[in-house]
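The values are calculated or read from the model by the stated rules, or taken from the named source; none is laboratory data. Everything numeric here is computed off the predicted structure, so don't read it as measured data. Using ideal geometry, Cβ is built from the backbone for each residue, glycine included, and neighbour counts are taken over all protein chains shown. For the accessible areas, the whole protein counts, side chains as well, though only heavy atoms, and no ligand, DNA or RNA atoms are used. Shrake-Rupley method; radii C 1.70, N 1.55, O 1.52, S 1.80 Å.
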Amino acid sequence: MSQGRMKLMQILMRPDRSKLKGYQKQPPPKRWNIVRGDTVQVIDRRSSDYGKQGTVKEVIRSKMRVVVDNVNLHPFRIKGDPERGTKGQTVMKERSMHYSNVNLV
């Protein structure tokens, strides 16, 4: 076998990350200190919204995520309907972010 084919075989045969010895999935917190209505600040330095503050609109505990008002905005397409006479448009909507990327203020 050639070197390129050997590397490809090694990549394809890699084990799943969850089965590796040092990898552990983070368990959900037993007690949530962030609830709906709290004021939080983004502490993730990689985020373009670093330092912004807002109120928590929604807490998704099963996925360990929160939705913060006017933070992490992304475009969301709404399809037009010619029968009703509405045009398609793009609306900015909040996306969820991991709860570890925000701190209580």
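Between helix 3-12 and the chain, what is the angle of the helix's C-alpha long axis to the longest principal axis, kept within 0 to 90° and rounded to the nearest 10?
Helix 3-12 sits roughly 50 degrees off the main axis of the chain.
Rolling a 1.4 Å sphere over the protein heavy atoms, what is the accessible area per residue of the chain, to the nearest Å²?
86 Å²
Under 5 Å between amide hydrogens, which residues at least 5 positions from residue 54 or on another chain qualify, with H placed 1.01 Å from N in the peptide plane?
40
Considering only protein heavy atoms, what is the solvent-accessible area of residue 9 at a probe of 1.4 Å, reported in Å² to the nearest 10?
70 Å²
HN-Hα J couplings of the stretch 72-85 from phi, Karplus 6.51/-1.76/1.60, θ = phi - 60°, integer Hz, Gly and Pro as x?
So the Karplus estimates, Gly and Pro as x, are 6, 7, 9, x, 9, 7, 10, 6, x, 10, x, 5, 8, x Hz.
How large is ³J(HN,Hα) for each residue in the stretch 31-44, as worked out from phi by the Karplus curve 6.51 cos²θ - 1.76 cosθ + 1.60 (θ = phi - 60°), to whole Hz, x for Gly and Pro?
3J(HN,Hα) across the stretch 31-44, in whole Hz: 10, 8, 9, 10, 10, 4, x, 6, 9, 10, 10, 6, 10, 7.
Over the chain, what is the relative contact order in whole percent, taking alpha-carbon pairs under 8 Å and six or more residues apart?
Dividing the mean separation by the residue count of the chain yields 22 percent.
Charges at C-beta only: +1 for Lys and Arg, -1 for Asp and Glu. How large is the resulting dipole of the chain about its Cα centre, in Debye rounded to 20?
600 debye
With unit charges on the beta carbons (Lys and Arg positive, Asp and Glu negative) and the dipole taken about the Cα centre of the stretch 30-104, which residue among 43, 85, 98 sits farthest to the positive side?
Farthest towards the positive pole: 98.
When P(r) over Cα pairs in 10 Å bins from 0, in percent is calculated directly from the model, which label among (i) 14, 47, 30, 8, 0; (ii) 12, 27, 20, 20, 15, 5, 0; (iii) 14, 44, 35, 8, 0 fits?
So the structure-derived entry is (ii).
Rounded to the nearest 0.05, what FRET efficiency do residue 89 and residue 31 give with R0 = 35 Å and r taken as the Cβ-Cβ distance? Could you check?
E between residue 89 and residue 31, to the nearest 0.05, is 0.25.
Calculate what fraction, in whole %, of the accessible area of the chain sits on carbon and sulfur atoms when a 1.4 Å probe is rolled over the protein chains.
Summing carbon and sulfur atoms, their accessible area is 49 percent of the total for the chain.
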